[in-house]
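The values are calculated or read from the model by the stated rules, or taken from the named source; none is laboratory data. Everything numeric here is computed off the predicted structure, so don't read it as measured data. Cβ: placed from backbone, ideal geometry, glycine included. Neighbour counts: every protein chain shown. Heavy atoms of the whole protein, side chains included, go into the accessibility calculation; ligands, DNA and RNA do not. Shrake-Rupley method; radii C 1.70, N 1.55, O 1.52, S 1.80 Å.
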Amino acid sequence: DVKVTQSSRYLVKRTGEKVFLECVQDMDHENMFWYRQDPGLGLRLIYFSYDVKMKEKGDIPEGYSVSREKKERFSLILESASTNQTSMYLCASSLKRTYEQYFGPGTRLTVT
Amino acid sequence: AQSVTQLDSQVPVFEEAPVELRCNYSSSVSVYLFWYVQYPNQGLQLLLKYLSGSTLVKGINGFEAEFNKSQTSFHLRKPSVHISDTAEYFCAVSEGSGGNMLTFGGGTRLMVKP
């Protein structure tokens, strides 16, 4: 089974802190994604990556950056956390030529 | 640009009753369609997918969905629900463009009552 793990289930950070969310997948998938999930809005794509060191902006990249130094690891960075970034963050991965995405359990981030 | 609308934010239903969760999409090209389920405090899990072929797609846990191209819909159905089906359900669409991105609907919370 594909396994996508995220470094934390719950995080509480202060406004202005730099926040790192880590995601690791163990199935050699080329594509990796970061979403945020908010009630009534579903999942919105922040960034995705289709190869090591490659990244593309999604629908809501403002306030976020990403890093992919190794194929299995995709990091989401909040340079200066703000209260409106309080949300559930979900990581996903997929093979290059398929559309099925596999999700991690999510990180619930609270910024106070 | 594609978009996905899930017409009901919440659907309450009694155990063993049938249920339909509605999903409509807008796209000018051929699409691939998905339903995901999210149980409390978990990530999303694929229920079923339509890529091509038969418009009636069967998934896990007794769910099925029908792709209707003329109505741009992909409604999810189950003939008899269980308490354990209580979860949030997301419809998603991909136009097959670079990066294989998915666009998700807002989600429907299915609440199964005893």
With +1 on the Cβ of every Lys and Arg and -1 on the Cβ of every Asp and Glu, the dipole magnitude of region B:3-113 about its Cα centre, in debye rounded to the nearest 20, is 120 debye
The ³J(HN,Hα) series, computed from each phi in region A:6-21 with the Karplus coefficients 6.51, -1.76 and 1.60 at θ = phi - 60°, rounded to the nearest Hz and given as x for glycine or proline, is 10, 5, 9, 8, 9, 9, 10, 10, 9, 3, x, 6, 8, 10, 10, 10
Simple SL model, points at 7 angstrom along Cα→Cβ for B:Ser54 and A:Glu62; separation in nm is 4.7 nm
A chain fully extended from B:Leu46 to B:Ser84 at 0.36 nm per residue, minus the present Cα-Cα distance, gains in nm 12.1 nm
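Please state the shape class of region A:1-73: rounded when a/c is under 1.5, otherwise prolate if a/b exceeds b/c and oblate if not, all from the C-alpha gyration tensor.
rounded
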A correct Kirkwood calculation over the Cα atoms of region B:3-113 returns a hydrodynamic radius in Å of 14.0 Å
Heavy-atom accessible area of B:Ser84, protein chains in place, probe 1.4 angstrom, given in Å² to nearest 10, is 80 Å²
With x for Gly and Pro, the residue-by-residue ³J(HN,Hα) of region B:13-24, computed from phi through the Karplus equation 6.51 cos²θ - 1.76 cosθ + 1.60 at θ = phi - 60° and given in whole Hz, is 8, 7, 4, 6, 7, x, 9, 9, 10, 9, 9, 10
Among region B:23-56, those whose backbone N falls under 14 Å of a label point 7 Å along Cα→Cβ from A:Met27 are B:44-49
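Relative contact order for region A:59-112 using alpha-carbon pairs under 8 Å, separation at least 6, rounded to a whole percent? Intermediate results must be reported in sequence, preceding the final value.
Working: 64 pairs, mean separation 16.1, N = 54.
Contact order relative to length: 30 percent.
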The pairs in A:Lys96/B:Lys69; B:Lys49/B:Lys113; A:Lys53/A:Lys96; A:Lys57/B:Lys49; A:Lys96/B:Lys58 lying past 22 Å Cα-Cα in this model are A:Lys96/B:Lys69; B:Lys49/B:Lys113; A:Lys57/B:Lys49; A:Lys96/B:Lys58
Taking every DSSP bridge whose two residues both lie in region B:3-113, the antiparallel percent to the nearest 5 is 85 percent
For A:Lys71, the aspartates and glutamates lying under 16 Å Cα to Cα, once residues fewer than eight places off in the same chain are dropped, come out as A:Glu22, A:Asp26, A:Asp28, A:Glu30, A:Asp51, A:Glu56
About its Cα centre, the protein assembly as shown carries a charge dipole, from +1 on Lys and Arg Cβ atoms and -1 on Asp and Glu Cβ atoms, whose size in debye to the nearest 20 is 340 debye
Farthest towards the positive end of the dipole of the protein assembly as shown, among B:Phe90, B:Gly62, A:Asn84 and with Cβ unit charges of +1 on Lys and Arg and -1 on Asp and Glu, lies the Cα of A:Asn84
